[in-house]
Amino acid sequence: MDVPRFEPVRRPQGPIVSTRNPLVREFTSLHDARGRRESGLVLIEGPTLVAEAVAAGMTIEVACSTDPDRWPDAVEVADRVLARMSTTTTPNEVVVAARRPEEALDHEGKDLLVLVGVADPGNVGALIPSAAAFGFGVRLVGGSDPWSPKALRAAAGGHFHTTLRSGGTLDLQEFHTRGFVTVATVARDGRSSIPSGGHVALLVGSEAHGLPEDAVGDAMRRLTIPTTGIESLNASVAGSVAMYERARTR
């Protein structure tokens with residue numbers, strides 16, 4: 001792949017060979033939600049995701065690489081330093097700390113995937129590219145941080161191809177006022193079809209407990225995906241199947 005050029009906000013003096021360097025602590029703080037929240041930065045790992053982030057116009061605060069010839073805009077670091085900065089067991093050449101993008105206040109007329117308390121970052125990440133592929137924006141209420149390293153890896157660049165908004169509380173009246181048909185995914189006793197017209201807000205709940213009872217009760221429709229041999233699907237599979245069906249009949 002072609003390596004993108006970018007202008008980082010900061011470029012400390014390299015090479016960095018000590019894992020005690022302050023920049024290492026800055027990167028490791030981004031492994032945790034608190035560090036990301038306090039700094040406003042997110043950790044992007046590996047050439048493919050870094051290229052996607054640059055193409056999407058993310059502000060690169062600082063970049064580090066073990067291959068300065070291939071990544072001339074990054075600070076050179078030793079292999080053991082990159083390993084400490086990264087969250088993966090086999091670090092891949094480059095990591096960057098990037099400014100977290102402004103979140104969408106609206107979703108540009110898209111249908112919405114509303115994730116309520118989905119705690120597994122792998123499921124959150126897997127649903128984001130599905131939303132992008134099927135024309136949905138993503139709204140997150142509680143649950144996992146969509147900008148965690150695991151969610152970013154699972155999404156494989158999906159963050160940069162749809163709209164995201166996280167935080168706040170679940171208020172179905174907000175969606176109803178804006179003209180959305182709210183559809184709650186439930187394990188049983190729902191319809192097997194999804195509305196084909198208008199705009200839909202598709203609600204997907206946590207892996208362990210599903211949607212809150214009041215959300216199911218207040219939703220305009222309930223959707224159950226027919227299955228054979230198992231009682232229910234996990235959040236990422238159920239959400240993706242439902243979004244595909246909506247896109248197919250939209």
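List of remarks:
- Residues in region 64-81 that are of a type in the set (A, V, I, L, M) and surrounded by fewer than 22 Cβ atoms within 10 Å (Cβ to Cβ): V75, A78.
- Residue match in region 101-123 (condition: of a type in the set (S, T, N, Q), modelled with pLDDT of 95 or more and buried (at least 19 other Cβ atoms within 10 Å of the Cβ)): yes
- Within region 125-163, the set of residues being of a type in the set (A, V, I, L, M), touching a strand residue (DSSP E or B) at 6+ places or on another chain (Cβ under 8 Å) and in contact (Cβ under 8 Å) with a residue 60 or more places away in the chain comprises L127, A131, L152.
- Any chance A131 is buried (at least 19 other Cβ atoms within 10 Å of the Cβ) and within 30 Å of G229 (Cβ to Cβ): yes
- The helices (runs of 4 or more DSSP H) found entirely in region 141-250 that carry 3 or more residues being in contact with a helix residue (DSSP H, G or I) (Cβ under 7 Å, 6 or more places away or on another chain) and within 29 Å of G46 (Cα to Cα) are 149-155, 235-249.
- Considering the conditions (1) buried (at least 19 other Cβ atoms within 10 Å of the Cβ); (2) among the charged types (D, E, K, R); (3) in contact with a Ser or Thr (Cβ under 6 Å, 6 or more places away or on another chain), E52 is excluded by exactly one of them, (3).
- Elements of type helices (runs of 4 or more DSSP H) contained in region 1-86, each with 1 or more residues being in contact (Cβ under 8 Å) with a residue 60 or more places away in the chain and closer than 19 Å to P146 by Cβ: 33-39, 47-55
The values are calculated or read from the model by the stated rules, or taken from the named source; none is laboratory data. None of these values were measured; they are calculated from a predicted model. No Cβ is skipped: glycine too gets one built from the backbone with ideal geometry, and neighbour counts run over all protein chains shown.
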